[in-house]
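The values are calculated or read from the model by the stated rules, or taken from the named source; none is laboratory data. Since the model is a prediction, treat every value here as computed from it, not as a measurement. Here the Cβ positions follow ideal geometry from the backbone for every residue, glycine too, while neighbour counts run over all protein chains shown.
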Amino acid sequence: MLQNDIRLLAIGRLEISFGGSADSAETMKKTEDRTGMILNLALSYGGRSEILQAIQRILRDCQKGKMTLEEINFQKFSDYLWTGGCQTRIF
């Protein structure tokens, strides 16, 4: 991946897919500055799980005072999704 300028992004319940392995996190860290291509992997991914996890993270941040309910909008919600870090192109 490094030689071919490929960035790895993985979403989903990675602790299940990789068995708690740090290999995926290490590979994503090593390739985070690559710009040639992006390889997006969706592993143990489910839309409902993604939405539930995003809501839980938003509520925790609201409880900590990092944001208010009034500040939540489509873009903010999108940022909390697992896909928030994925770059996509629509042709």
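Can Leu39 be described as touching a Gly at 6+ places or on another chain (Cβ under 6 Å) and closer than 21 Å to Gly12 by Cβ?
no
Only residues in the range 60-72 that are of a type outside the set (Val, Ile, Thr) count as the first member; pair them with residues that are outside any helix (DSSP H, G or I) and surrounded by 10 or more Cβ atoms within 10 Å (Cβ to Cβ), Cβ under 6 angstrom, at least 6 apart or cross-chain, and list the lot.
Correct list of pairs: Asp61/Met67.
Checking the structure you have, find out if any residue of the range 37-54 is modelled with pLDDT of 85 or more and β-branched (Val, Ile, Thr).
Yes, the range 37-54 has at least one match.
Being of a type outside the set (Lys, Arg) and surrounded by 14 or more Cβ atoms within 10 Å (Cβ to Cβ) is the filter here, so list the residues in the range 24-38 that pass it.
Correct list: Ser24, Thr27, Met28, Thr31, Ile38.
Exactly one of (1) over 15 Å from the mean Cα position of the chain (by Cα); (2) modelled with pLDDT of 85 or more is unmet by Gly20. Its number?
Answer for Gly20: the failing condition is (2).
Out of all the residues in the range 44-78, which are loosely packed, with under 14 Cβ neighbours inside 10 Å and under 12 Å from the mean Cα position of the chain (by Cα)?
Scanning the range 44-78 gives a single hit, Ser78.
Is there any pair with a first residue in the range 26-40 that is aliphatic (A, V, I, L, M) and a second that is modelled with pLDDT under 90 and loosely packed, with under 15 Cβ neighbours inside 10 Å whose Cβ atoms are under 7 Å apart and which are 6 or more apart or on different chains, and what are they?
Ile38/Gln87
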